[in-house]
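Some notes on the structure that comes next.
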Amino acid sequence: MSYEDLKKHTNERSTGTNGYVQVEIEEYPKTGWEAFKQAMGRTLSMELFKGLGITFKIMNQALFKNQMHTVQYPIEQMPISPRYRAVHKLLGLLESGNNRCIGCGLCEKICISNCIRMETKIDEKSRKEVMEYSINLGRCIFCGYCAEVCPELAIVHGGRYENASEQRAHFVLKDDLLTPFDAIAQQIEYDGFGAISPDADQKIKKTPLAY
Amino acid sequence: MDNDILMTILKVVVVLLVFSALAGFTTYIERKVLAFMQRRLGPVHVGPFGLLQIAADGIKLFTKEDFVPQNANRIIFMVAPIITAATAFIAMSAVPFIPGVIISDVNVGILFVLGVMATGLYGPLLAGMAQANKWGLLGGARTAIQLLSYEVVTGLSILAPIMMIGSLSLIDINNYQAGGIQNWLIWTQPIAFFLFLIAGFAETNRTPFDLLEHEAEVVSGYATEYSGMRWGMFFIGEYANLFTISFLVALIFLGGFNDLGFIPGAIAILLKVMFLIFVFLWTRASWPHVRPDQLMWLCWKVLMPIGLLNIVITGIVMMV
């Protein structure tokens, strides 16, 4: 299976019995004679060589029929679900690029592993301003409660799962989480919890009653 | 006379160098073949097609610390890998690789080769017992039972062809099969061929009988405590044995280095050996390990009676 096929295949991965084969298990031999007959039958039917044939066929498929399963990771990447809950993002306001967060502190409160911390102050217009917002990824369990509870859809989970770094803190300051102003046009809106998946159309199947 | 000795030394050096290098190259081939059979790519990143992986592994082996564990028997621990590597190369001294290239044509060639290869099993046995490690000890014990099981089959399977040929020299065995495919001993002695091949798998610790260092059961068996070049010597010895067995099978059953139609003999035997090496890797990718008791069951209760029967039938056919 080539990389492209594999990509398609992971998108279509859902329950189904296509391609399932029922394995027939013959009865275990009870007497010595039956065991002998079974062993002789298996020897004379060349079962071991059938096994060799299968591996050779697989090698043939892998080499010449483009069915190599290796994904060469840093170059090729498997698609992840659009609803994947990886490292958080702070969304910005589309007009000004300002942080959408109003500093209500609900996420801080609901966080079950106590890993969100925010510093706020009242600015000169008597509005609450978020000065610092950080998430301790060493503690975060990616439960998604913060995104669920946020009234402004400001803190959401992103798709960035490659968080190898010298320090975990590299990902989680406000400046890292907030969408940069020049990328604000590409910002993907979060529909909120309970919304259907963006790729729901591709995953749709007939209900069993329809056939 | 002096010229002879010089020539022999030259041959020895060439054989030693070629097969040490081939052992490294075979690991590359093995990793590639196993990978393809499991739909993987194998080594690809070091050098073109991952070829320099061998060099990287070599550098790693040479620069690793030469480590002797605390309670190990120091001398035996350090000597054991040398036994394996040395006997593997000593066995090669009586094997005619290609026409004209044989270090010494002993008149009991096949006996000498098999005997020296069997001695090589002292390496794993002593290593396992010397290293004060329970996995090593288990590996050593398995070496003993494996040796006791397959040696009988090797001897009995090789006896029938030798009865037909009437000589123990590998050159004579080769010449007996001159004149095309129909003269190969595999046609007259198919059972002996399979028995010898199975015993060869056990002799070289290849996969269906890979009991000595079965990772899933005994960590790394006799090689658990070894590192660096001492482990490397076990490794080179194992692959040298693989080549010896492949050459033996090609010589005894597959027509040796006789010309094969338009293919000259030297290339013919190399092709046969390459195919046999591939078979060794192929089975490793396909077949599961057996348990030690299954190996003993197979060797003593199945293969040995078949081998004896084969000898009796060969004898009757030759008398009649």
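Derivation of every value follows stated rules applied to the coordinates shown; laboratory data play no part. Please read these numbers as outputs of a predicted model, since none were measured by experiment. Every residue, glycine among them, receives a Cβ derived from its backbone with ideal geometry; neighbour counts consider all protein chains shown.
Backbone N atoms of the stretch A:107-135 closer than 11 Å to the 7 Å Cα→Cβ label point of residue A:98 belong to residues A:123-130.
Distance between the pseudo-spin-label points of residue B:9 and residue B:266 (7 Å out from Cα toward the beta carbon): 2.4 nm.
Look at the alpha carbon pairs under 8 Å that are at least 6 residues apart: their mean separation over the length of chain A gives a relative contact order of 22 percent. Can you give the Kirkwood hydrodynamic radius of the stretch B:69-319 from its Cα pairs, in Å with one decimal? With all distinct Cα pairs of the stretch B:69-319 included, I get 18.6 Å. FRET efficiency for the pair residue B:16 and residue B:67, taken as 1/(1 + (r/R0)^6) with r the Cβ-Cβ distance and R0 = 25 Å, rounds to 0.45.
Under a straight-distance cross-link criterion of Cα-Cα below 17 Å, which aspartates and glutamates are reachable from residue B:64, leaving out those fewer than 8 residues away in the same chain? Cross-link targets: B:225.
Each principal axis of the Cα cloud of the stretch A:63-211 was taken in turn, and the coordinate range along them, longest first, works out to 68, 46, 33 Å. In the elastic network of chain A, a GNM with C-alpha springs shorter than 10 Å, the most mobile of A:45, A:197, A:134 is A:45.
Extension gain for residue A:40 to residue A:173 (0.36 nm times residue separation, less C-alpha to C-alpha distance): 40.9 nm.
Do the alpha carbons of any pairs in B:60/B:134; A:109/A:174; A:50/B:272; B:134/B:301; A:37/B:301 sit beyond 20 Å of each other, and which pairs?
In this structure, B:60/B:134; A:50/B:272; B:134/B:301 exceed 20 Å between Cα atoms.
Taking max minus min of the alpha-carbon positions on each principal axis, the protein assembly as shown gives extents of 112, 65, 50 Å, largest first.
With helices as the sole contributors, chain A gives -7500 deg cm²/dmol at 222 nm; each DSSP H run of n ≥ 4 counts as -39500 (n - 2.57), and the sum is divided by every residue.
Would you be so kind as to identify all helices of chain B, as entire DSSP H runs, whose Cα atoms reach 30 Å or more along the helix's own axis and whose mean Kyte-Doolittle hydropathy is at least -1.0?
Result, helices passing both filters: B:2-37, B:134-165, B:228-252, B:265-286.
Here the stretch B:212-245 is scanned for amide nitrogen atoms under 17 Å from the site 7 Å beyond the Cα of residue B:294 along Cα-to-Cβ, giving B:212-218.
Only counting other Cβ atoms within 10 Å, I'd like B:163, B:7 sorted with the fewest neighbours first.
Least crowded to most crowded, the residues run B:7, B:163.
Please find the FRET efficiency linking residue A:141 to residue B:145, where r is the Cβ-Cβ separation and R0 is fixed at 56 Å, and quote it to the nearest 0.05. Provide the component values of the computation, followed by the final result.
Details: r = 51 Å, r/R0 = 0.91.
Step by step, r from the Cβ atoms, then E = 0.65.
Under the simplified labelling scheme, the residue A:54-residue A:183 pair shows an inter-label distance of 4.6 nm, with each label point 7 Å from Cα along Cα→Cβ. Counting Cβ atoms of other protein chains within 10 Å of each Cβ in A:57-63 and taking the mean gives 4.
Here's the picture: charge each Lys and Arg Cβ at +1 and each Asp and Glu Cβ at -1 in the stretch B:13-141, and of B:118, B:50, B:19 the one pushed furthest to the positive end of that dipole is B:50. Summarising the label geometry, the points placed 7 Å from Cα in the beta-carbon direction at residue B:60 and residue A:125 lie 6.1 nm from one another.
With contacts defined as alpha carbon pairs under 8 Å and 6 or more residues apart, what's the relative contact order of the stretch A:88-186 in percent? Contact order relative to length: 37 percent.
Centre-to-centre separation between the Cα atoms of the stretch B:84-154 and those of the stretch A:138-155: 65 Å. Counted residue by residue at 0.36 nm each, then reduced by the alpha carbon distance between them, the extension gain from residue A:23 to residue A:85 reaches 18.6 nm.
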